[in-house]
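Q: Here it is, the structure in full.
Read-outs throughout are calculated quantities, based only on the coordinates presented, and are distinct from any laboratory measurement. Values in this document were obtained by computation on a predicted structure and should not be read as measured data. As a convention, Cβ positions derive from the backbone with ideal geometry for all residues, glycine included, and neighbour counts pool all protein chains shown.
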Amino acid sequence: MFTRASWLCITALSAVGSPAFAHALAPTDRREHEWPGNGRTLPRDPLESMTAAEIIRHWGYPVESHDVVTDDGFVLEMLRIPHGRRLGMGAQSARVVTWVDEMAKYDAPAAIDKVLQLNGAGSLYWVAHSQGTIIGFMMPAERPEYNQKVRALFQLGTVGTMHYAKGIARMIIKLSIAFRPLTRVRKFNKEAIKLRELSSEYNLDAHEVGFHNPAVMGDATRILCPPAKVGQLCYNLISHYTGHPSKAFNWVGEVFSDCAFRSRAPIYFSHSLLSTSSWTLLQYIQNSDRNSVDHFDSSPMENLRRYGTVQAPPYNYSNIKSDVYLFWSRSDWMTTPREITKWWIPHLKKGVIKGAFETPSYSHADWIFATDLKDRVFNRIISIVRKHEKNACHE
């Protein structure tokens, strides 16, 4: 999860799931799913335009910035919370155009090595959500030596192929598959003409796509999704994309009266859809269509150069030896029970999955925005870690 729109979680919690960010998204005055009938739009929340480091500092936590150079020459900015109630390492990439294969092969290993260098440990625990879970599995599948450096993978809202996704996500995937020929118009270059080969199967090269103005996203959300019962567009959009949020989903920030409050929706959308790679999106479509987690399939000639085979090979998930803990929910439309039973269990080696914990009523977004994450998810993770660590602190 290393484009600027994404997050990687290492050792404890990322900035999205860390105590600092959880505190930012969990004010004490909250009314569950309440949209006052006469609600009015209030001034912009300063959190909308803050960077991850600024959000951490805003809530009183120390933060360090570390640069990490990957094997292929890119620089990643890593944010570290050196102390607090929990130790955490969040990473955000300085890459502009990258895709999932590179994240698993270069970014995640570089980030892990930096974490271990900073804390002096020989291994760590990986806690991830959504795309971070994909990277968490691809990395040891691609680079098995990192099994020794990751003691356990705690995967929240685990994503596999998304072949069984529901709602808007499934509709978008189906439409993308139908229109994929438009992105696969083949192009020639001089070398390809000489070899009578095609240089690239994708007309759509690797480009950074997304919205780069958080202020605009926040303002648009306030206009399209006012805090009133008649303005539930944002709630419906999230519901049909991730599944219906639980009652603990943190919608309301500051409540000013019975008919006015500052909605959290502008903050969420300001920090979403900022940036990703066009090839990352194409790879998701490819994997969903094939119901397989494969390397990015570019063209026969390019595949030969990258992988040594004409067709892009699948990731060998039998290489994964680190302990795996899956956190899932029937209300999560991105990771359905069918994907767990029909894909995850058959592809992971027997005995690797140490636990599969259902969290009822959680949508795919609840794993980062629910106000009861500490009690329902994080405490369970901490308990498991303490059993593995003889010298771990105890409450």
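Q: Taking a threshold of 25 Å on the Cα-Cα distance, which of the pairs Lys247/Lys342; Lys166/Lys374; Lys149/Lys387 fall above it?
A: Lys247/Lys342; Lys166/Lys374
Q: Also, I was wondering about something else. Among Val100, Val68, Val159, Val310, which comes first, then next, by fewest other beta-carbon atoms within 10 Å?
A: Ordered from fewest to most neighbouring Cβ atoms within 10 Å, Val100, Val68, Val159, Val310 come out as Val310, Val68, Val159, Val100.
Q: Which value in Å does the Kirkwood hydrodynamic radius of segment 282-395 take, with 1/r averaged over all unlike C-alpha pairs and then inverted?
A: 16.9 Å
Q: While we're on this one: Most exposed first by the Cβ proxy, i.e. fewest other Cβ within 10 Å, how do Glu142, Glu54, Glu102 rank?
A: Ascending Cβ contact count within 10 Å gives the list Glu54, Glu142, Glu102.
Q: What distance in nm lies between label points placed 7 Å from Cα along the C-beta direction at Asn316 and His83?
A: Label at Asn316, label at His83, 4.5 nm between them.
Q: Next question. Could you please rank Asp297, Asp107, Asp67, placing first whichever residue has the fewest other Cβ atoms within 10 Å of its Cβ?
A: Asp67, Asp297, Asp107
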